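Peer 1: Okay, here's the structure, questions in a sec.
Readers should treat all values here as calculations from the given coordinates under stated rules, not as data from a laboratory. Values in this document were obtained by computation on a predicted structure and should not be read as measured data. Glycine gets a Cβ as well: all are built from the backbone with ideal geometry, and neighbour counts include every protein chain shown.
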Ligand SMILES: [Zn+2]
């Protein structure tokens with residue numbers, strides 16, 4: 001039996017979780033919550049270096065993701081190794097996610113908002129959408145996958161979904177005390193953000209976190225569209 005996790009974070013690529021939710025994850029793990037990461041692709045096309053081989057890049061990015069997860073106190077990272085820029089809404093992908101939801105039995109799932117309009121990475125849009133479908137109704141329904149029941153993976157009801165990248169955030173999370181940990185986790189993704197800090201990434205992230213916290217009685221926030229699921 002896999003030990004349940006309170007939170008399952010499903011990211012299209014390595015580093016998405018760090019940009020989207022790492023400050024909140026750091027707070028949760030400090031509070032003693034069990035967090036598991038699922039990374040759908042290994043980000044093997046995310047470079048402008050024409051000499052970098054995709055399989056080499058995938059290895060580097062998985063290592064970077066593991067390092068970032070360690071900084072945040074994430075219990076486990078599951079790599080699904082779908083092709084970068086090749087995530088599709090297939091029955092197989094949906095079932096893969098249902099299997100993980102039933103295995104880890106999280107109360108909260110965090111992923112990319114699929115409903116951000118216009119320019120939005122296709123992998124983000126599709127991952128978010130398939131995660132929502134997997135949560136409801138597929139993870140919930142006993143008869144959805146008889147073979148998963150055979151494997152001992154009983155239906156599970158996720159209670160809450162947090163979507164990062166939302167155009168209409170309705171939920172803010174205080175990351176004032178964990179903002180530096182978020183930065184430390186982000187800096188593990190050297191192949192992605194290596195030179196960025198000198199180009200103002202830290203300042204931009206801080207400005208954004210400040211903006212997200214406007215009207216709250218704390219300084220820095222991550223913002224999400226939160227959906228509570230009533231069954
Ligand atoms: Zn991404």
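Peer 1: So in region 38-58, with the set limited to residues that are within 19 Å of the chain's Cα centre (by Cα) and closer than 23 Å to residue 74 by Cα, which one is surrounded by the fewest Cβ atoms within 10 Å (Cβ to Cβ)?
Peer 2: Taking region 38-58 first, the residues within 19 Å of the chain's Cα centre (by Cα) are 38-46, 58.
Subsequent filtering for residues that are closer than 23 Å to residue 74 by Cα retains 38-44, 58.
Numbers: 38: 23, 39: 26, 40: 30, 41: 25, 42: 24, 43: 28, 44: 24, 58: 21.
The selected residue is 58.
Peer 1: State the number of residues belonging to region 207-231 that are part of a helix (DSSP H, G or I) and under 20 Å from the mean Cα position of the chain (by Cα).
Peer 2: Narrowing region 207-231 to residues part of a helix (DSSP H, G or I): 207-212.
Pick out the ones that are also under 20 Å from the mean Cα position of the chain (by Cα) and you get 208-209, 212.
Selection size over region 207-231: 3.
Peer 1: Across region 95-125, which residue is nearest to residue 34 (Cα to Cα) among those that are under 13 Å from the mean Cα position of the chain (by Cα) and within 16 Å of the ligand (Cβ to nearest atom)?
Peer 2: Residue satisfying both the conditions and the ranking: 110.
Peer 1: In addition: Sort out which residues of region 157-167 are surrounded by fewer than 18 Cβ atoms within 10 Å (Cβ to Cβ) and under 18 Å from the mean Cα position of the chain (by Cα), and write them in order of number.
Peer 2: Result: 159, 160, 167.
Peer 1: Considering every residue within region 136-156, establish whether at least one is under 18 Å from residue 223 (Cα atoms) and surrounded by 19 or more Cβ atoms within 10 Å (Cβ to Cβ). Give the derivation first.
Peer 2: Restricting attention to region 136-156, the residues satisfying the condition of being under 18 Å from residue 223 (Cα atoms) are none.
No, there is no match, as no residue in region 136-156 is under 18 Å from residue 223 (Cα atoms) and surrounded by 19 or more Cβ atoms within 10 Å (Cβ to Cβ).
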